[in-house]
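Undergrad: Please see the structure below; I have some questions.
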Amino acid sequence: MKSLKDKIVSEGIVLSDTVLKVDSFLNHQMDPQLMKEMGEEFARRFAEDKITKVLTIESSGIAPALMTALTLNVPLVFARKQKSLTLREDLIVERVHSFTKEVTNDVTVSRKYLSPDDNVLIIDDFLAVGEAAQGLARITEQVGAKVAGIGIVIEKSFQTGRHTLIEAGYRVESLARIASLHDSSVQFIEE
Ligand code: G4P
Ligand code: NA
Ligand code: NA
């Protein structure tokens, strides 16, 4: 998606060979117009898939997921992160480890908001090793619902996430695919 790639080039800050900071439009300040365009692009890519629900994880996935859900005219559910959990039977729980942030969270969704006949589109802001997306997919499958696909705003294609998700049989649609952050420069995979 050209407008996103332009924004990454003009405002993204390469912190290291593996981490891109995009606080000016995605992770701290948000660009509503770009967010809207991204939601429309995800909705376009999954237009034929009869999506009944969009699922993301707090916090930075919520904005692009909400714009997608708005365009598809379906509800958005965001999974919550908790450090550790007293089990409650109405909650679906998956443990997710973040390599980037070196924390492990119990990620939860209430059974009230996912049902076995849901066809779920998972959305997230970044794809690194794919732990978050896999956790959301396992939550979806725990209730017997179907994962229609996974939409990612920024995929770091040099990390393992995309490969892992595709190997597991999921469709992955990324709006920007980064081949390398080497030498403080962002190289995209051209599609
Ligand atoms: P994974 O989900 O693909 O396995 O990635 P990982 O565990 O490494 O990601 C952990 C957190 O770090 C996620 O945010 C993810 O969005 C974010 N992240 C990963 N790589 C980058 C990067 O290069 N740049 C930025 N800005 N973020 C990155 P989170 O913990 O869920 O936090 P939140 O921001 O959504 O609240
Ligand atoms: Na995220
Ligand atoms: Na994030």
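Undergrad: Might you check whether a residue that is away from ligand 1 (no atom under 13 Å from the Cβ) and either among the charged types (D, E, K, R) or more than 20 Å from Ile62 (Cβ to Cβ) (or both) occurs anywhere in region 147-164? Break it down stepwise before answering.
TA: Taking region 147-164 and keeping what is away from ligand 1 (no atom under 13 Å from the Cβ), we get 147-149, 151.
Then drop every residue that is not either among the charged types (D, E, K, R) or more than 20 Å from Ile62 (Cβ to Cβ) (or both), which leaves none.
So far as region 147-164 goes, no, none of its residues is away from ligand 1 (no atom under 13 Å from the Cβ) and either among the charged types (D, E, K, R) or more than 20 Å from Ile62 (Cβ to Cβ) (or both).
Undergrad: Taking the condition of being surrounded by 16 or more Cβ atoms within 10 Å (Cβ to Cβ) and not hydrophobic (A, V, I, L, M, F, W, C), how many residues in region 50-75 meet it?
TA: So the count comes out to 8.
Undergrad: How many residues are open to solvent by 10 Å² or more (accessible area, probe 1.4 Å), away from ligand 1 (no atom under 14 Å from the Cβ) and not in a strand (DSSP E or B) when one looks only at region 115-144?
TA: 8
Undergrad: Conditions: (1) under 18 Å from Leu76 (Cα atoms); (2) in a strand (DSSP E or B); (3) out of contact with any helix residue (DSSP H, G or I) (no Cβ under 6 Å at 6 or more places or on another chain). Ile150 meets all but one. Number of the miss?
TA: Looking at each condition in turn, Ile150 falls short on (3).
The values are calculated or read from the model by the stated rules, or taken from the named source; none is laboratory data. Quantities reported herein were computed from a predicted structural model and do not represent experimental measurements. Neighbour counts run over all protein chains shown; Cβ positions are idealised from the backbone, glycine included. For the accessible areas, the whole protein counts, side chains as well, though only heavy atoms, and no ligand, DNA or RNA atoms are used. Shrake-Rupley method; radii C 1.70, N 1.55, O 1.52, S 1.80 Å.
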